[in-house]
Amino acid sequence: MTQPIVNIHQLHKSYGEREVLTGIDVTINAGEVVCLIGPSGSGKSTLLRCVNQLEHATSGTVTVLGQTIAADDHEPDIDIDDLRSRVGMVFQQFNLFAHMTVLENCTIAQRRVLGRGKKEAERIAHLNLERVGLGDRGSSYPRQLSGGQQQRVAIARALSMDPELMLFDEPTSALDPELVGDVLTVMRELAEQGMTMLVVTHEMAFARDVADRVVFMDQGVIVEEGPAEQVINSPSQERTQQFLKRVL
Ligand code: ADP
Ligand code: MG
């Protein structure tokens, strides 16, 4: 049996006295697309941040790409930089370097983290810019692009690292409505190409069409999860029904 890409067991996370994740269990298998939905403040971003080790569990274990970090590992015996280089992350704010061209934005981590040469990094960046429909914008600066184009650059930048898992945290929430579709199309293609993805989103149509599984969180717990169609069209839990009524 192949190992899951992500395996989270009884994850608890507190900030000071306040527990914001309360016993989360999640498994994501290779090639699966999981959408994480739920109200603001329910702990979705914190969960994503625990997956790529931007946050450390208060208790429980997080296994990502075969590397396990338990809450009581104060000096975990894993290479966090290596792990992060294998997990792509796309945020609501695109976080591109304003003073660098699109191509430079997509090559800098390849060169610094993976040690690729300039030519090779540029070749790979170009392939990924083409993949997101921006093959002709390598010499542009971020400010010359729309928000949707900038977010697609951020996706190309992440893909240029050859990630084995992609995390998306509300990637379309900061975009004008007319720019959302192009970003979702890129994500849908990525899913079809077999990328393993964990996506926090309020785009229910995307979740229903693209996700293999939908996980609904509220107040730090997973209230309900299942096939996308089932959770979104006929949720079994009252809290899920209430949430979907508000967002659909
Ligand atoms: P979501 O992404 O679902 O909106 P978050 O994971 O961002 O939720 O936040 C969950 C809860 O944790 C919120 O109440 C938030 O205020 C709190 N929180 C998030 N990050 C921090 C932090 N660094 N320090 C203290 N509290 C935080
Ligand atoms: Mg969030």
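Helix 102-114 versus the longest principal axis of the chain: what is the Cα-based angle in degrees, 0 to 90, to the nearest 10?
So the helix axis and the longest Cα principal axis differ by about 70 degrees.
Taking Cα atoms, how many degrees apart are the long axis of helix 238-247 and the longest axis of the chain, rounded to 10 and kept between 0 and 90?
Computed tilt is about 30 degrees.
List K119, K13 from most exposed to least, where exposure is judged by having the fewest other Cβ atoms within 10 Å.
Numbers: K119 9, K13 24.
Sorted ascending by nearby Cβ count, the order is K119, K13.
Can you list the aspartates and glutamates whose alpha carbon sits under 19 Å from that of K118, skipping same-chain ones fewer than 8 residues off?
K118 reaches E104, E130, D136, D162.
Using a Gaussian network model of the chain whose springs link C-alpha atoms within less than 10 Å, name the residue from A158, A71, A125 with the highest mean-square fluctuation.
So, out of A158, A71, A125, the one fluctuating most is A71.
Work out, step by step, the length gained on full extension between E189 and H56: first 0.36 nm times the residue separation, then minus their alpha carbon distance; give nm to one decimal.
Working: separation 133, 0.36 × 133 = 47.88 nm, distance 3.18 nm.
Using 0.36 nm per residue and subtracting the Cα-Cα distance, I get 44.7 nm.
Near E192, within a Cβ-to-Cβ distance under 15 Å, what is the net charge of the other residues, with Lys and Arg +1 and Asp and Glu -1?
Numbers: positive: R131, R188; negative: E32, E189, D209, D212.
Here the charged neighbours net out to -2.
Among L165, L36, L184, determine the one that fluctuates most according to a GNM of the chain built with springs between C-alpha atoms less than 10 Å apart.
Result: L184 has the largest fluctuation of those listed.
Would you compute, from DSSP H runs of 4+ residues alone, the mean residue ellipticity of the chain at 222 nm, taking -39500 (n - 2.57) per run and dividing by the full residue count, rounded to the nearest 500? It would help to have the intermediate numbers written out before the result.
Numbers: 9 runs with 93 residues, N = 248.
Counting only the DSSP helices, I get -11000 deg cm²/dmol.
Can you tell me the 0 to 90 degree angle between the C-alpha axis of helix 147-159 and the longest principal axis of the chain, rounded to 10?
The angle comes out near 90 degrees.
Using a 10 angstrom cutoff on alpha carbons, build the Gaussian network for the chain and name the most mobile of P177, P163, P227.
P177
Starting from the Cα of K118, step 7 Å along the direction of its Cβ; do the same at Q230; then give the gap between the two resulting points in nm.
About 5.5 nm separates the two model spin labels.
Multiplying the sequence separation of Q93 and R18 by 0.36 nm and subtracting their Cα-Cα distance, what value in nm do you get? Provide the component values of the computation, followed by the final result.
Working: separation 75, 0.36 × 75 = 27.00 nm, distance 2.61 nm.
Working it through step by step, the gained length comes to 24.4 nm.
Count the net charge of all other residues whose Cβ sits under 9 Å from the Cβ of R213, scoring Lys and Arg as +1 and Asp and Glu as -1.
Values: positive: none; negative: E32, D212, E225.
Spelling it out: positives minus negatives among the neighbours equals -3.
Jot down the radius of gyration and Dmax of segment 133-177, Cα atoms only, both in angstrom.
In order Rg, Dmax, the Cα atoms of segment 133-177 give 11.3, 30 Å.
What fraction of the DSSP beta bridges in the chain is antiparallel, stated in percent and rounded to the nearest 5? Before the final figure, lay out each step's value.
On the way: 23 of 39 bridges.
Beta bridges within the chain, antiparallel portion: roughly 60 percent.
How much length, in nm to one decimal, is gained on full extension between Q219 and N29, taken as 0.36 nm per residue of separation minus their Cα-Cα distance?
Details: separation 190, 0.36 × 190 = 68.40 nm, distance 2.51 nm.
This chain segment gains 65.9 nm when fully extended.
Modelling each spin label as a point 7 Å along the Cα-to-Cβ direction, I'd like the E178/A71 distance in nm, to one decimal.
4.9 nm
Roughly what would the spin-label model give for K245 and H202, points 7 Å off Cα along C-beta, in nm?
Label at K245, label at H202, 1.9 nm between them.
Compute, for the chain, the length of the dipole vector about the Cα centre, with Cβ point charges of +1 (Lys, Arg) and -1 (Asp, Glu) only. Units Debye, rounded to 20. Don't jump to the answer; show the numbers that get you there.
Numbers: 23 positive and 34 negative charges, 152 e Å.
With only Lys, Arg, Asp and Glu charged at Cβ, the dipole is about 740 debye.
Evaluate the relative contact order of the chain (contact order divided by residue number), counting alpha-carbon pairs under 8 angstrom at least 6 apart; express in whole percent.
Values: 467 pairs, mean separation 62.1, N = 248.
It rounds to 25 percent for the chain.
Cross-link partners among lysines for K13, C-alpha distance below 29 Å, same-chain residues fewer than 8 apart left out?
Once the sequence-local lysines are set aside, what remains near K13 is K44, K245.
Values in this text are rule-based calculations from the coordinates and carry no lab data. Because the structure is a prediction, the values reported are computed rather than measured. Note that we place each Cβ from the backbone using ideal geometry, even for glycine, and neighbour counts take in every protein chain shown.
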